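Below you'll find the structure, written out as structure tokens, and then a few comments.
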Amino acid sequence: MAPHSSNLTSRPLIGMLIALILLLPASLQAADQDILFAATPFTFHTGPDKSSTKAGRLFTAARIKVRERRPGWLRISLNAWHQQGAARVLYALPGKRILVAILKKSQTQHLKTLQQMTDADTDLVWKQVSYEAWIEDGGFAPSREDLWKPAWELFSTRCTVCHQRRIPHHYKVNQWRSYLKIMGPRTGLPKDKQELILTFLQYHASDMTPESASPPQPVPQPREAGR
């Protein structure tokens, strides 16, 4: 009877081990596939169809998470920050003007507030929010590093025509936005390539660190955002 009892006891443990072996690789693979970075600008839609209402614009290098996949379409979510009273314009970080998205006014009611903070330098209130929308599939990179190589090549070849090449970490995030507003058109590049260069320079600015550039941590129990 003893061997029989031992076998009965071990069966649940074996089952648990098998389940862990099967589930762990799948969960890791899903996590890798579901976090993506926009290689080009995208248009937000309210549904998985071109005839659906346009909801806004996603900017280059924005981090998104895939929630649902349909043929040719992705339902995505993102976390970003907006200044209190200006919910349409979403940034990667509070106080740093790295554009993530611009929403139609009607879409701000769908923002979910995760947290808020007051910038000690400016006393401005910033809110971290989440947002979901549909975008067309294709044109994504698995990491921002995949975007920085072409960005650096463009910056190196097109941003030295009028002056000596500037060093990314010699300027702050918001300074780069002001500089590129003037210098960008002089490159002769299309708008999306200018945005790629700008975002690259901002993420490598003097007031950016690996910690500040990392994706925001999820906050439980979101509530409706105020405008």
What are the residues in region 106-122 that are modelled with pLDDT under 95 and of a type outside the set (S, T, Y), if any? D119, A120, D121
Does at least one position in region 177-184 carry a residue that is within 21 Å of the chain's Cα centre (by Cα), at pLDDT 80 or above and surrounded by 14 or more Cβ atoms within 10 Å (Cβ to Cβ)? yes
Given the criterion part of a helix (DSSP H, G or I), at pLDDT 80 or above and loosely packed, with under 11 Cβ neighbours inside 10 Å, identify the matching residue among K193, K149. K149
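This table checks each residue for (1) acidic (D, E); (2) farther than 19 Å from A92 by Cα; (3) over 17 Å from the mean Cα position of the chain (by Cα); (4) surrounded by 15 or more Cβ atoms within 10 Å (Cβ to Cβ).
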site	(1), (2), (3), (4)
A39	no, no, no, yes
F42	no, no, no, yes
S51	no, yes, yes, no
K54	no, yes, yes, no
E68	yes, yes, no, no
P71	no, yes, yes, no
R75	no, yes, no, yes
W81	no, no, no, yes
For region 31-54, which positions are closer than 9 Å to W134 by Cα and either in contact with a helix residue (DSSP H, G or I) (Cβ under 6 Å, 6 or more places away or on another chain) or acidic (D, E) (or both)? D49
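When region 79-100 is examined, which residues are found to be assigned to a strand (DSSP E or B) and of a type in the set (A, V, I, L, M, F, W, C)? Steps first, please.
The first filter runs over region 79-100 and keeps only residues assigned to a strand (DSSP E or B), leaving 79-83, 89-93, 96-100.
Across region 79-100, the qualifying residues are A80, W81, V89, L90, A92, L93, I98, L99, V100.
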Please indicate, with yes or no, whether at least one residue in region 120-139 is among the polar types (S, T, N, Q) and assigned to a loop (DSSP other than H, G, I, E, B). yes
Can you spot a residue in region 199-218 that is at pLDDT 90 or above, hydrophobic (A, V, I, L, M, F, W, C), outside the structural domain of L78 (by TED's automatic domain parsing) and not in a loop (DSSP other than H, G, I, E, B)? yes
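The values are calculated or read from the model by the stated rules, or taken from the named source; none is laboratory data. The shown structure was predicted, so the numbers you read here are calculated from the model rather than taken from an experiment. A quick note on method: Cβ atoms are made from the backbone with ideal geometry, for glycine too, and the neighbour counts reach across all protein chains shown.
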